[in-house]
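Notes for the one structure printed next.
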Amino acid sequence: MKVHNVEMVMSAVRPEQYPDDGFPEFALAGRSNVGKSSFINKMLGRRNIARTSSKPGKTQTLNFYKIEEQLFFVDVPGYGYARVSKTEKEKWGGMIEQYLTGREPLVAAVQIVDIRHAPSADDINMYNFFVHYNIPTIVIATKADKIPKGKWDKHKKIVRETLNMLGDDPLFVFSSEKGIGVEAVWAEIESRMQR
Ligand code: GTP
Ligand code: MG
């Protein structure tokens, strides 16, 4: 998709604040600092429409990006961020769970993992949550610029096996730094918008 028009329409913490356009939504999931907001920026061809940071915990609300009056990306706070209090974690968990389990326009989760490492226990739990709730998941192995191309296949295999991914769920190598995978992931997202 050639993106000309993007608008951050809502920063929501409660269902009443979600947009009501009814366009298909794709929700970003992944541990804190893995590169969810960077992924959104690269896909949209914007430098910093989704705010990024080298410090984990940057995104704290559900941020809805309306794209070409056709679909939404929903930036979601990362999991596994140790420095927030337990009550705060529970509050976030509640907000995210409420969105992911009850949102009719949600077409798929886009789960971002770091290609360099085997998925963590938190990554596995998140993926299993999507499987449990029948939410199709597109897995993105990002930061591919940080390992040589010759190792991508080996690392992809580790990600697929560690998450115990369903055969129907696709896995893409990506880099927000270098723009690797942008077209392939757009093709996947566009094919799911029409279903
Ligand atoms: P939270 O909002 O805290 O959950 O983090 P996030 O998942 O949105 O991560 P964010 O996009 O803010 O990126 C975190 C850090 O990783 C930043 O310093 C980015 O520049 C860096 N980063 C993200 N994607 C890539 C990538 O593909 N390659 C490289 N080399 N660095 C990346
Ligand atoms: Mg973020």
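For region 139-154, a residue qualifies if it is outside any helix (DSSP H, G or I), out of contact with any Asp or Glu (no Cβ under 6 Å at 6 or more places or on another chain) and touching a residue at least 24 places away in the same chain (Cβ under 8 Å), and the qualifying residues are 139, 140, 141, 142, 147. In region 92-107, the residues that are surrounded by fewer than 16 Cβ atoms within 10 Å (Cβ to Cβ) form Cβ pairs under 9 Å with partners that are hydrophobic (A, V, I, L, M, F, W, C), at six or more places apart or across chains, as follows: 97/129; 101/129; 101/135.
Exactly one residue among 127, 133 is exposed (fewer than 14 other Cβ atoms within 10 Å of the Cβ) and hydroxyl-bearing (Ser, Thr, Tyr), and that residue is 133.
From the list 157, 178, the one residue that fits, being modelled with pLDDT of 95 or more, away from ligand 2 (no atom under 16 Å from the Cβ) and touching an Asp or Glu at 6+ places or on another chain (Cβ under 8 Å), is 178. Out of 134, 128, one residue alone is closer than 20 Å to residue 31 by Cβ and more than 15 Å from ligand 1 (Cβ to nearest atom). It is 128. For region 33-50, filtering for residues that are more than 7 Å from ligand 1 (Cβ to nearest atom), surrounded by fewer than 24 Cβ atoms within 10 Å (Cβ to Cβ) and within 15 Å of residue 140 (Cα to Cα) leaves 2. Count of region 51-61 residues, restricted to those that are within 7 Å of ligand 1 (Cβ to nearest atom) and either in contact (Cβ under 8 Å) with a residue 24 or more places away in the chain or surrounded by 17 or more Cβ atoms within 10 Å (Cβ to Cβ) (or both), is 5. For region 138-158, the set of residues classified as buried (at least 22 other Cβ atoms within 10 Å of the Cβ) and farther than 14 Å from residue 176 by Cα consists of 139 only.
So which of 160, 103 ends up being basic (Lys, Arg) and under 29 Å from residue 13 (Cα atoms)? Exactly one of 160, 103 is basic (Lys, Arg) and under 29 Å from residue 13 (Cα atoms), namely 103. Scanning region 88-99 for residues that are closer than 22 Å to residue 13 by Cα, within 16 Å of ligand 2 (Cβ to nearest atom) and of a type in the set (A, V, I, L, M) turns up at least one hit. A Cβ distance below 6 Å, combined with a sequence gap of six or more or placement on separate chains, defines the contacts here; from region 8-21, residues that are in contact (Cβ under 8 Å) with a residue 24 or more places away in the chain reach residues that are assigned to a helix (DSSP H, G or I) in the pairs 10/17; 13/95. For region 53-65, the criterion of a residue being more than 16 Å from ligand 2 (Cβ to nearest atom) and not aliphatic (A, V, I, L, M) is satisfied by no position. Of all residues in region 34-47, one or more are in a loop (DSSP other than H, G, I, E, B) and within 13 Å of the chain's Cα centre (by Cα).
The values are calculated or read from the model by the stated rules, or taken from the named source; none is laboratory data. Fair warning: this is a prediction, and the values are worked out from it, not measured in the lab. Cβ coordinates were reconstructed from backbone atoms using ideal geometry, including for glycine residues, and neighbour counts include every protein chain displayed.
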